[in-house]
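Undergrad: The structure is given below, and queries will be raised subsequently.
Quick note: the coordinates plus some simple rules give every number you see, no bench work behind them. Since the structure is predicted, the reported quantities are computational estimates derived from the model, not experimental observations. Because the Cβ atoms are built from the backbone with ideal geometry, glycine has one as well, and the counts that use them run over all protein chains shown.
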Amino acid sequence: MTRRPARKSLYSLLLLPVLFLIACTAPGSSSYSSGNDMSARQQQVLHGRQLVLTHGCADCHSMGVPSPADPGFLAGTTDSAQFVFGPFKTRSRNLTPDNTTGLGRFSERQIFNALRYGLRPGETPDVEITSSTPGQGNFPARPRYLAPPMPWIAFRHMSDEELRAIAAYLKNGLKPVSHRVADSDGPPDFWASAWTVDKVGPHPAPPFPAAAEKGGR
């Protein structure tokens, strides 16, 4: 005669997988937290990728076809590709996370500050900036700005979330490419006189409708 297991023991065996799943997905468990963080990070990187693709970054910063399928995507321009502004020549830099020739040695916050305030990451500390006035809110007293034609003047009006997503993609979504781009020329004031509020407008932008706009209903 086959002996059936005790009901209490059977229930315990059935409950073990359920209890294990509850423990693994509880908000305080390490398994849940790790998976959740990775998912959010991946979404941020993908968001940054979409913004990079739709805002023309690769049009200037790629050696070949402006596509992620091309090995030279966002690796900087060739030596022959340059922009001329009066007596100065500027060149689009390597945006891949290569530590020597690209953005690898800079933090995501430094990249964010470059996009929001136009500050060159190599000459700007890794700090949170709360003002666009030189000498205030961690804004450098003698700022060194990105050379034209980098459109940070337009990018600065993007949301914090969008700019952080771009920085996350450049740091974590690209393979590093070793490609050194020659330094850009620039005036002694590093373009400071070109990026004043009276020439580029304020940030944040004035509320709608401003002087050149009309309200709609």
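Undergrad: Return the sequence-ordered ³J(HN,Hα) values of segment 110-117 in whole Hz as given by the Karplus equation 6.51 cos²θ - 1.76 cosθ + 1.60 applied to θ = phi - 60°, using x for Gly and Pro.
TA: 5, 5, 4, 5, 5, 6, 7, 10
Undergrad: Highest first, please rank the peptides 91-99, 170-178, 186-194 by the mean number of other Cβ atoms sitting within 10 Å of their residues.
TA: Numbers: 91-99: 21.9, 170-178: 18.0, 186-194: 14.9.
Going from most to least packed, we get 91-99, 170-178, 186-194.
Undergrad: Hey, got the Cα dimensions of segment 130-217 along the principal axes, in Å, largest first?
TA: 52, 34, 25
Undergrad: Give me the distance between the Cα centres of segment 144-198 and segment 33-93, rounded to whole Å.
TA: Going from one Cα centre to the other spans 11 Å.
Undergrad: What translational diffusion coefficient, in µm²/s and rounded to a whole number, does the Stokes-Einstein relation yield for segment 43-145 at 20 °C and a viscosity of 1.002 mPa s, taking the hydrodynamic radius as the Kirkwood radius over Cα pairs?
TA: Working: Rh = 15.0 Å.
Taking Rh from Cα pairs, D becomes 143 µm²/s.
Undergrad: What does the C-alpha gyration tensor say about the overall shape of segment 102-168? Classify as rounded when a/c is under 1.5, otherwise prolate if a/b is larger than b/c, or oblate. Spell out each step's value before the answer.
TA: Values: a/c = 1.29, a/b = 1.21, b/c = 1.07.
Cα axes put segment 102-168 in the rounded bin.
Undergrad: Ok, one more. Grab the Cα-Cα distance for SER39 and ASP59, subtract it from 0.36 nm times how many residues apart they are, and report the gain in nm with one decimal.
TA: Numbers: separation 20, 0.36 × 20 = 7.20 nm, distance 2.95 nm.
Extra length from SER39 to ASP59 when fully extended: 4.3 nm.
Undergrad: Moving on. Of the listed peptides 155-166, 205-216, what is their order by residue-averaged count of other C-beta atoms within 10 Å, with the highest listed first?
TA: Values: 155-166: 16.9, 205-216: 8.1.
Top to bottom by mean Cβ count within 10 Å: 155-166, 205-216.
Undergrad: Any idea what % of Cα-Cα pairs in segment 66-107 are farther than 16 Å?
TA: Values: 413 of 861 pairs.
Above the 16 Å cut-off, segment 66-107 has 48 percent of its Cα pairs.
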